[in-house]
Amino acid sequence: MERLTGKVALVSGAGAGIGAAICRRFSAEGAAIVALERNPDTLAQLAAEIEETGGAVLAVEGDITRRADCAAAAAEAFSAHGAVDILCNVAGIVEVGDLEAADEESWERTMAVNLKGMFFLCQEVVPRMAGRGSGSIVNIASVAGPYAVRERFVYSVSKSGVIGFTKSLAVDYIAKGLRANAICPGTVETPSWHERVNQADDPDQALKDFIARQPMGRVGQPEEIAALAAYLAADESSFMTGQAINIDGGMSM
């Protein structure tokens, strides 16, 4: 099934985890990929994987917390393809701790990656989408946004912001043919999640605790998030905008 044939997708945080899975799924659905990632090694690996399967990929190294890097990525995408049909904001970080554990540095770092980078990319891409009268923005939030999660104070605040950001985009641009939706995953098995597990005082117990949060008794897979992203990016979901969709193994029930 190639629901994205003829479309161009710009994906941030493309090098690993959910971002890489989304790039692979979008490519399999027929989209040309513009992969934005700050790690050159994982970026090169992703590009090689997509090219090996016959997909089209433009690999762009850049840091989304820098406006100049976001502008350069958008410029490369428009120069190469003439348009961006799908903007998927995936890049994000997780800070562990409650209010008292947070400091100004962790707050600024989280907001820069999880929100400011999204703001920069949207400012570069959305006006040109609106000028064409079509486009789908898919933002990766978290179940920690609408419901909050213990010991994730700064992270939860940032992901609540992603949901508000998404809804504001949807309202402002619906008359111009654009849609914006957010995905709110529960715990997903990614390299960064494995790092958090392994850095815990008791990794075995941390693993059990993470799994126990989902009533399904397991964590999610990046490919499951990518499948939902593909639906939201495709014309199939053309009657959907401004939504924050939980995909969390029952965590929010």
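The values are calculated or read from the model by the stated rules, or taken from the named source; none is laboratory data. Quantities reported herein were computed from a predicted structural model and do not represent experimental measurements. Here the Cβ positions follow ideal geometry from the backbone for every residue, glycine too, while neighbour counts run over all protein chains shown.
Scan region 68-108 for residues that are of a type outside the set (Val, Ile, Thr), closer than 25 Å to Ile137 by Cβ and in a loop (DSSP other than H, G, I, E, B) and report the count.
Counting residues in region 68-108 that are of a type outside the set (Val, Ile, Thr), closer than 25 Å to Ile137 by Cβ and in a loop (DSSP other than H, G, I, E, B) gives 6.
Could you identify the single residue in Ile163, Ile137 that is touching a Pro at 6+ places or on another chain (Cβ under 7 Å) and surrounded by 19 or more Cβ atoms within 10 Å (Cβ to Cβ)?
Details: Ile137 fails: touching a Pro at 6+ places or on another chain (Cβ under 7 Å).
When all the criteria are applied, what remains is Ile163.
Inspect region 91-110 for any residue being under 21 Å from Ala230 (Cα atoms), at pLDDT 95 or above, touching a helix residue (DSSP H, G or I) at 6+ places or on another chain (Cβ under 9 Å) and hydrophobic (A, V, I, L, M, F, W, C) and give the result as yes or no.
Yes, that holds for at least one residue.
What residue, of Gly54, Gly15, Gly30, is crowded, with 22+ Cβ neighbours inside 10 Å, not in a helix (DSSP H, G or I) and not aromatic (Phe, Trp, Tyr)? If you could, list the steps in order and put the result at the bottom.
Details: Gly54 fails: crowded, with 22+ Cβ neighbours inside 10 Å; Gly30 fails: crowded, with 22+ Cβ neighbours inside 10 Å.
Only one candidate passes the filter, namely Gly15.
Can you tell me how many residues in region 111-129 are closer than 16 Å to Arg38 by Cβ and either outside the structural domain of Ser79 (by TED's automatic domain parsing) or of a type outside the set (Phe, Trp, Tyr) (or both)?
Of all residues in region 111-129, those closer than 16 Å to Arg38 by Cβ come to 112-114, 116-118, 120-121.
So of that shortlist, the ones also either outside the structural domain of Ser79 (by TED's automatic domain parsing) or of a type outside the set (Phe, Trp, Tyr) (or both) come out as 112-114, 116-118, 121.
Residues that pass the stated criteria total 7.
Could you run through region 140-199 and say how many residues are basic (Lys, Arg) and assigned to a helix (DSSP H, G or I)? Break it down stepwise before answering.
So the first thing to find is which residues in region 140-199 are basic (Lys, Arg), and the list is 150, 152, 159, 167, 176, 179, 196.
Filter once more, so that each one left must be assigned to a helix (DSSP H, G or I): 159, 167, 176, 196.
Residues meeting the conditions: 4.
Name the pairs whose Cβ atoms lie under 8 Å apart, with the first residue in region 83-98 and more than 19 Å from Ser237 (Cβ to Cβ), the second hydrophobic (A, V, I, L, M, F, W, C) and assigned to a loop (DSSP other than H, G, I, E, B), and 6 or more positions between them or separate chains?
Ala91/Ile64; Glu95/Ala102
Conditions (1) crowded, with 16+ Cβ neighbours inside 10 Å; (2) in contact with a Cys (Cβ under 9 Å, 6 or more places away or on another chain); (3) on the phi > 0 side of the Ramachandran plot; (4) among the basic types (Lys, Arg), marked per residue:
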residue	(1), (2), (3), (4)
Gly217	no, no, yes, no
Ala226	yes, yes, no, no
Ala234	yes, no, no, no
Gly249	yes, no, yes, no
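Name the single residue that is farthest from the chain's Cα centre (by Cα) among those in region 129-139 being in a helix (DSSP H, G or I) and hydrophobic (A, V, I, L, M, F, W, C).
Quick first cut of region 129-139, residues in a helix (DSSP H, G or I) only: 129-132.
Still in the list and also hydrophobic (A, V, I, L, M, F, W, C): 129-130.
On the way: Met129: 19, Ala130: 21 Å.
Only one residue tops the list, namely Ala130.
Of the residues that sit in region 66-93 and are of a type in the set (Val, Ile, Thr) and buried (at least 19 other Cβ atoms within 10 Å of the Cβ), which one is nearest to Glu37 (Cα to Cα)?
At the first step, the residues of region 66-93 found to be of a type in the set (Val, Ile, Thr) are 84, 86, 90, 93.
Among the residues that remain, those that are also buried (at least 19 other Cβ atoms within 10 Å of the Cβ) are: 84, 86, 90.
On the way: Val84: 17, Ile86: 17, Val90: 10 Å.
Filtering first and then ranking leaves Val90.
Met111 is checked against (1) in contact (Cβ under 8 Å) with a residue 40 or more places away in the chain; (2) farther than 22 Å from Arg179 by Cβ; (3) more than 15 Å from the chain's Cα centre (by Cα) and fails just one. What number does that condition carry?
Of the numbered conditions (1) in contact (Cβ under 8 Å) with a residue 40 or more places away in the chain; (2) farther than 22 Å from Arg179 by Cβ; (3) more than 15 Å from the chain's Cα centre (by Cα), the odd one out for Met111 is (3).
Within region 208-219, is even one residue assigned to a helix (DSSP H, G or I) and under 17 Å from Gly145 (Cβ atoms)?
We begin by selecting, within region 208-219, every residue assigned to a helix (DSSP H, G or I); these are 208-212.
Those left that are additionally under 17 Å from Gly145 (Cβ atoms): none.
No: zero hits.
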